[in-house]
2 protein chains.
Amino acid sequence: MRIGLDAMGGDKAPACPVKGAVMAVKEYGYHVTLIGDETAIKKELQNFSYSASKIDIVNASQVIEMHDPAALSVRKKRDSSIVIGAELLKNRVFDAFVSAGNTGAVVCAATLSLRLLPGVDRPGIAVIFPTLNKPCMVIDVGANIDPKPLHLLQYGIMGDAYSKHILGKKNPTVGLLNIGEESTKGTDFIKEAHIMLSESKLNFLGNIEPKEVYQGSADVVLCDGFVGNVLLKVTEGFADAAAKLLKRELKRSNIVTKIGAFLTLPAFMTLKKKIDAAEYGGAPLMGVDGSVIIAHGASDEKAIKNAVRAAAENVEHKVNMHVVEELQSY
Amino acid sequence: MRIGLDAMGGDKAPACPVKGAVMAVKEYGYHVTLIGDETAIKKELQNFSYSASKIDIVNASQVIEMHDPAALSVRKKRDSSIVIGAELLKNRVFDAFVSAGNTGAVVCAATLSLRLLPGVDRPGIAVIFPTLNKPCMVIDVGANIDPKPLHLLQYGIMGDAYSKHILGKKNPTVGLLNIGEESTKGTDFIKEAHIMLSESKLNFLGNIEPKEVYQGSADVVLCDGFVGNVLLKVTEGFADAAAKLLKRELKRSNIVTKIGAFLTLPAFMTLKKKIDAAEYGGAPLMGVDGSVIIAHGASDEKAIKNAVRAAAENVEHKVNMHVVEELQSY
C-alpha cells in the first residue's frame, strides 16, 4: 500500500505529518511518500529511525496556505504539495492521497486532476460522527456549499455504498438534515431533496433533526456543505468551550471537588477519545476518481497516522468501485 | 406588569406553564393571564397558593400542536391559545406574550396580529448563547429560514439595539456566521450580506466561524434561520449526548472513579447552569410590534418563570422603541 501525504498541510506541518508518516510506516507497514519542502522534511525525519525503503520524498517548492483562496491557489501554485499530490495520485504513483491542508484547495485540486466518478456531479466530504448509538456518516461537510437537490441524492447513494461495503452495515438508513421532522418543513431546496430521496431506492428515513445526529438515528445524514460544516465546527467548538468552562469551574473549586475531578479522569479520557476527531482519522472526499482523505487542520501525529490508515482502508475496500456500482444501479 | 402566557404551549403543558406562572407571580409580583383550557388550568392552579388577583384565565378551546403546520393552523385554529394570545397582546390586554408552543405558529400569529415594526421586513428569533467570554446573541434561529441579505442587516440593527439598551454593551460587535473568515468565503447570500453589513454603521467584525460563537468573539452573530436553528439544536443535542456518554462511562467505571464523579458534581452543576437554556429564559421574537417571548418547547417551570421575567424586561427596557429608533437612524 502506497500512500501520498501532504507534508505541508495542517497547523503543525511539517512536524506532525512527518511524525504521523513514521508512525503509520512502523504500525501498518505502508509505504509513504511525503510531499513538500524536501529540506524541512529531511530535517524532521532525522528525529526518527525507520526503514528507509518505506518513506520517500517528493519536493514541492510551494505551499497553499490555509487561508489562500482555493480555486485561485490551485491554478497559481502548480508546484504546491496539494497540486502535486493530486497529480501523482492521478498517475497512480501511489494508491491514495492524504492532506490536512487547505480543504477547499484539496477538493479543487482533486476534482481537477482526478475528475469525478461517472454519475457524480459534485464531490462531497464525508465525516463519521460519534453518537450514543452506532457511528453516523454526515455528507457533505464543506466541499459543496450551494448544492442542488440532485447532489444530495448522489451523496445519499455514495454514503449508502460506503456504509454497506466499508462499515459493513446492512441496508443503511439515510436521513435528510432538517430543522423539523415533517416533510413540509425546510427550504425549497430541502423539500425538493426530500422528494427525490423518497422516490429513490435508498432506505430513506425522512428528515433528521440536528439533535438526532448524536443519537445515531440514521447511518447516513445528508446536508449541504455549509450546514454540514457548521454542524462539524459547532460540535468541535462547543466541546472545546464546555471543557474549558469545566476546567475553569474546577480551578475555582475546593480541594474535595478537585480530588473528585482527578479520580473521574479515566471516564473523561474515554469520553474524549470517543468524541476526538483524531481517533476517527480523516474524512473521505467522496465522488472523485481516486482515494483522497482530508485530515483536520489541527491534526496531531496520531490523527495523521489514523488518516493514513483510513486512506489505506478506502483503497483496500475498493470504495470507489462500490460507489460506481451503486450509482449505476440507480 | 401584565404578562400573557400560553398555558398550552410546550411538552409539559399545562402543568409547567401554570407552575411557572405561579412562581413568576410570587417572585416578581407580575400579573399573569393564563390562556388555554380553563378547566385544565384551574385544576393545575389548585395545587398552589397565590394571590388570586395576580392570575386570571382566558379560555381557549383549541390547541396548536407542536407538529401542526404553522401558517395553516394559525388560520384554522382561531380559538387556540397562541392566536388568542397574539390578539390580546395587540389589544394591549397585557404588555407581553410568552409561549413555549409551536414556534412557527407563534411567529406567524404574532406577525399577523401585531404586524412588523417600521423598517423591518421579517421577524427574527434571537437567542442568547453562553460563551467562554460575554454572552452572545444569535439572530435568527428559526423565524426566517430563507432570508434575503437585507433581512440580515435588519437583524444586525435589531441585535445592536438590544445589546446596547438591554444588555448594556457599548458599541456592540456584530459578526456574520460563515464557514471561513475571509470575505470571499460562503454562498452568494453570505457574500451579499457581508457587503451590506460592511457598508452599514454597525460595528461589523466580518465573518465569524461557528467555533468562535462559543468563544464569545462577537456580541451579535447573524445567520439565516435554518443555520441558526441547526446551531442551536446541535449545541443542545451534543451537550445532551456528551452528558449521556459520560454517565454511561461512569456506570462502567470502578468505585474510585464513581466517588470522583460524585465529588466533582458541584463543578458540573455550575457548568450545566451556565449552558442550560432554562436559565436564560426565552428568546425574544425581534421585529414584531409587541413584546413576544418564545420559550423552549421542553421548558420546565423554572424556564417558564425565566421567560416571563425576560418578557417583562423586554417591556421595561422598551426594546421595540429602541429598535425603531436604531432602524430610523439608518
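Rule-based calculations on the coordinates, nothing more; no lab input. Worth saying up front: this structure is predicted, and the values here are computed from it rather than measured. Note: ideal-geometry Cβ built from the backbone for every residue, glycine included; neighbour counts use all protein chains shown.
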Along the range A:58-71, what does the Karplus equation 6.51 cos²θ - 1.76 cosθ + 1.60 (θ = phi - 60°) give for ³J(HN,Hα), rounded to whole Hz, x for Gly and Pro? 10, 6, 9, 7, 10, 10, 8, 6, 4, 9, 5, x, 4, 5
Before rounding to the nearest 500, sum -39500 (n - 2.57) across all DSSP H runs of length at least 4 in chain B and divide by the residue total; then give [θ] at 222 nm in deg cm²/dmol. -15500 deg cm²/dmol
Under-5 Å amide H pairs with residue B:291, H placed in peptide plane, nonlocal only: B:97
Dipole of the range A:121-252 (Lys/Arg Cβ +1, Asp/Glu Cβ -1, origin at the Cα centre): which of A:123, A:230, A:241 lies farthest to the positive side? A:241
Averaged over A:180-187, how many beta carbons belonging to a partner chain fall within 10 Å of each residue's beta carbon? 4
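Can you list the DSSP H helices in chain B whose Cα atoms extend at least 18 Å along the helix axis and whose mean Kyte-Doolittle hydropathy is 0.0 or higher?
Values: long enough: B:15-28 (19 Å, 0.56); B:149-165 (24 Å, -0.21); B:225-252 (40 Å, 0.14); B:255-275 (28 Å, 0.98); B:301-316 (22 Å, -0.49).
Passing helices, by number: B:15-28, B:225-252, B:255-275.
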Between the alpha carbon centres of the range B:1-27 and the range A:161-225 the gap in Å comes to 37 Å
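Where does each of A:296, A:322 land when they are ranked from fewest to most other beta-carbon atoms within 10 angstrom?
On the way: A:296 22, A:322 17.
Ordered by Cβ neighbours within 10 Å, fewest first: A:322, A:296.
Mind running the shape call on the protein assembly as shown? Use the C-alpha gyration tensor, a ≥ b ≥ c as the square roots of the eigenvalues: rounded below 1.5 for a/c, prolate if a/b tops b/c, oblate otherwise. Mind showing how you got there, number by number?
Numbers: a/c = 1.98, a/b = 1.76, b/c = 1.12.
The shape class here is prolate.
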For the residue A:181, residue A:59 Cβ pair and Förster radius 56 Å, calculated FRET efficiency rounded to 0.05 is 0.55
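Given R₀ = 41 Å, FRET efficiency for residue B:302-residue A:150 by Cβ-Cβ distance, to 0.05? Please list the in-between numbers first.
Numbers: r = 47 Å, r/R0 = 1.15.
Efficiency, rounded to the nearest 0.05: 0.30.
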Report ³J(HN,Hα) in whole Hz for each residue of the range A:174-184, in order, from the Karplus equation J = 6.51 cos²θ - 1.76 cosθ + 1.60 where θ = phi - 60°; Gly and Pro get x. 10, x, 9, 5, 8, 8, x, 7, 5, 5, 7
If each residue's Cβ is checked for other Cβ atoms within 10 Å, how do A:187, A:33, A:103, A:39 rank with the fewest at the top? A:39, A:187, A:33, A:103
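Sequence gap at least 6, Cα distance under 8 Å: using those rules, report the relative contact order of the range A:121-252 to the nearest whole percent. Don't jump to the answer; show the numbers that get you there.
Values: 237 pairs, mean separation 45.3, N = 132.
About 34 percent, as a whole number.
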At the level of C-alpha centres, the distance separating the range B:235-264 and the range B:90-132, in angstrom, is 38 Å
What list do you get for A:291, A:329 if you sort them by fewest beta carbons within 10 Å? A:329, A:291
Chain A, dipole about Cα centre (Lys/Arg Cβ +1, Asp/Glu Cβ -1), debye to the nearest 20: 980 debye
Candidate cut points under chymotrypsin sites (Phe, Trp or Tyr not before Pro) in the range A:1-86, DSSP loop plus at most 16 other Cβ atoms within 10 Å of their own Cβ, are A:48, A:50
Chain B: relative contact order in percent, alpha carbon pairs under 8 Å with at least 6 residues between: 23 percent
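From the Cα gyration tensor of chain B, with a ≥ b ≥ c the square roots of its eigenvalues, which class applies: rounded if a/c is under 1.5, or else prolate if a/b is larger than b/c, or else oblate? Before the final figure, lay out the partial values.
Numbers: a/c = 1.78, a/b = 1.09, b/c = 1.63.
Note, shape of chain B comes out oblate.
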Can you compute the modelled spin-label distance between residue B:189 and residue A:132, with each label point 7 Å from Cα toward Cβ, in nm? 3.0 nm
Can you work out the FRET efficiency for the pair residue B:71 and residue A:317, with r the C-beta to C-beta distance and R0 = 51 Å, to the nearest 0.05? 0.60
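What does the net charge come to around residue B:323 if you take all other residues with beta carbon closer than 13 Å to its beta carbon, with K and R at +1 and D and E at -1? All intermediate terms of the calculation are to be shown ahead of the outcome.
Working: positive: B:164, B:318; negative: B:160, B:289, B:325, B:326.
So the surrounding residues net to -2.
Taking trypsin sites (Lys or Arg not before Pro) as candidate sites, keep only those in a DSSP loop with at most 16 other Cβ atoms within 10 Å, then name the longest stretch of chain A containing none of them.
Details: sites that count: A:78, A:92, A:115, A:170, A:201, A:318.
The answer is A:202-317.
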If amide hydrogens are placed 1.01 Å from N in the peptide plane, which non-local residues have theirs closer than 5 Å to the one on residue B:129? B:136, B:137, B:138
Among the lysines, which fall within straight-line cross-link reach of residue A:26, defined as a Cα-Cα distance under 16 Å, with same-chain neighbours fewer than 8 residues apart omitted? A:54, A:302, A:305
Name the long-range amide H neighbours of residue B:58: under 5 Å, sequence gap of 5 or more, or other chain; modelled H, no Pro or chain starts. B:34, B:35, B:36
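Of the cross-linked pairs B:19/B:76; A:258/B:247; A:169/A:201; B:164/B:318, which ones have a Cα-Cα span greater than 21 Å in the structure shown?
Details: B:19/B:76 29 Å; A:258/B:247 19 Å; A:169/A:201 16 Å; B:164/B:318 12 Å.
Where the Cα-Cα span goes over 21 Å, the pairs concerned are B:19/B:76.
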